[in-house]
1. Kindly provide the set of residues from the range 225-251 that are touching a residue at least 60 places away in the same chain (Cβ under 8 Å) and out of contact with any strand residue (DSSP E or B) (no Cβ under 7 Å at 6 or more places or on another chain), ordered by number.
2. Looking at the range 252-274, which of its residues are at pLDDT 95 or above, in a loop (DSSP other than H, G, I, E, B) and out of contact with any Lys or Arg (no Cβ under 9 Å at 6 or more places or on another chain)?
3. Are there any pairs with C-beta distances below 9 angstrom linking a residue in the range 62-85 that is touching a residue at least 40 places away in the same chain (Cβ under 8 Å) and of a type in the set (Phe, Trp, Tyr) to a residue that is surrounded by 24 or more Cβ atoms within 10 Å (Cβ to Cβ) and part of a strand (DSSP E or B), with the two at least 6 apart or on different chains, and if so which?
4. Given the residues ASP88, ASP48, ASP81, which is the only one that is more than 18 Å from the chain's Cα centre (by Cα) and under 30 Å from GLY311 (Cα atoms)?
5. Within the range 156-198, how many residues are aliphatic (A, V, I, L, M), surrounded by fewer than 19 Cβ atoms within 10 Å (Cβ to Cβ) and under 13 Å from GLY111 (Cα atoms)?
6. Quick one: how many residues across the range 199-217 are surrounded by 22 or more Cβ atoms within 10 Å (Cβ to Cβ) and part of a strand (DSSP E or B)?
7. Which one is nearest to the chain's Cα centre (by Cα) among residues in the range 354-368 that are surrounded by fewer than 16 Cβ atoms within 10 Å (Cβ to Cβ) and in contact (Cβ under 8 Å) with a residue 24 or more places away in the chain?
8. LYS309 - would you say it is out of contact with any Cys (no Cβ under 9 Å at 6 or more places or on another chain), under 26 Å from VAL210 (Cα atoms) and of a type in the set (Lys, Arg)?
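The values are calculated or read from the model by the stated rules, or taken from the named source; none is laboratory data. Remember, it's a predicted structure, so these values are computed and weren't measured experimentally. Ideal geometry is used to build each Cβ from the backbone, glycine not excepted, and the neighbour counts take in all protein chains shown.
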Amino acid sequence: MKSKLNLGLLLVAFVCVLACGPKKENNETETADTTAVSNEPKEFGEADGKKVSLYTLKNSHGVEAHITNYGGIITSLMVPDKTGKLEDVVLGYDNLADYQKDSPYFGALIGRYGNRIAKGKFTLDGEEYTLAVNNGVNTLHGGKKGFDKVVWDAEKITTDEGEGLKLNYVSPDMEEGYPGELKVEVTYVLTDDNSLKIDYTATTDKKTIVNLTNHSYFNLTGGVKGDILGHEVMINADKFVPIDSTLIPEGQLESVDGTPFDFREPTAIGARIGEDNQQLTYGGGYDHCWVLNADGEGMTKAASVYEPKSGRLMEIFTTEPGLQFYSGNFLDGSLTGKGGVAYKYRWGIALETEHYPDSPNQPDFPSVELNPGETYHTSTTYKFSTK
């Protein structure tokens, strides 16, 4: 009996060991799975009968970029201040419905043509094309339904530099009035030096025009704590593009010397924005394109933005010849953004790397034409640090 009892106790102990062992392994497996799932895209709604998702890119320092395949929108960008506190530095919404309902291009990819085209018309090889007019008498940011309002095909990728998101969209011939089927690929990569890199490529089967950019609104206070007038901006440009009363270029380039447009040294946005200057009156503030001092065919340091209270510094590098600086002149408090924050007058700035406005109608501006057999390619990097 004693022998049988000891044998029974041994069996019970053995069963307990087996039960405890796998249970621990299962817990470890569940933890790993949870981590993996958190890195998967989240459902963000539906548009045009297609699924819309929200993707997260994260680096080793905890910096995060949240991007949706609806419009390629950067919905959130969490970067540290001088104490290491991570906060969101871009304007936007908490849900897809608000982006669809009423958004001044918050965080979106812009195409086919970023900025304005006069009276919605341009000519290629003697043929005139008429675009959808959506900004007074002009076409703005691609038309009534530009690339900011379409659902892109998306694929999460891993690169040598960090996590990325690859977006693809095929714009049909004559969409919004633009000729040629345009195949577009945009890749976002978040690197370990706290840079968000954006690469744009496109090809066409018919001669067309293209000018792609991103339209994020930045506020480096973090969480949008106030206006951007105290942000100190440097723009690496000796000239800017003067505009008329409809914000269309007048055709010439003008020196920034002695004007409120001289940002060659870091200057607070609010320092000269109220000056009596016809150009500022036209834009209601800054809404102009600067002609960048290019260092060559590669990346040029285009600009920097510093917010003294948080210590956040954003530097912008690009292969593009121009930078559109917009000081949030049309924000008026009527849009309620993330966390219920009302976006008031001049509470965000956009810094769009691009070719100049209305280039198709300005023969002296750098060309924006793309021919079959050619590949459009441009790159922009937003690098964040503190000081």
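1. Within the range 225-251, GLY226, ASP227, GLY251 qualify.
2. GLN252, ASP257, GLY258, PHE263, ARG264, GLU265, PRO266, ARG272, listed by residue number.
3. Here the result reads TYR70/ALA108, each pair linking the range 62-85 to a residue that is surrounded by 24 or more Cβ atoms within 10 Å (Cβ to Cβ) and part of a strand (DSSP E or B).
4. The conditions single out ASP81.
5. Residues that pass the stated criteria total 1.
6. Of the residues in that region, 10 qualify.
7. Looking at residues that are surrounded by fewer than 16 Cβ atoms within 10 Å (Cβ to Cβ) and in contact (Cβ under 8 Å) with a residue 24 or more places away in the chain, I get PRO366.
8. Taking the combined requirement at face value, the residue does not satisfy it.
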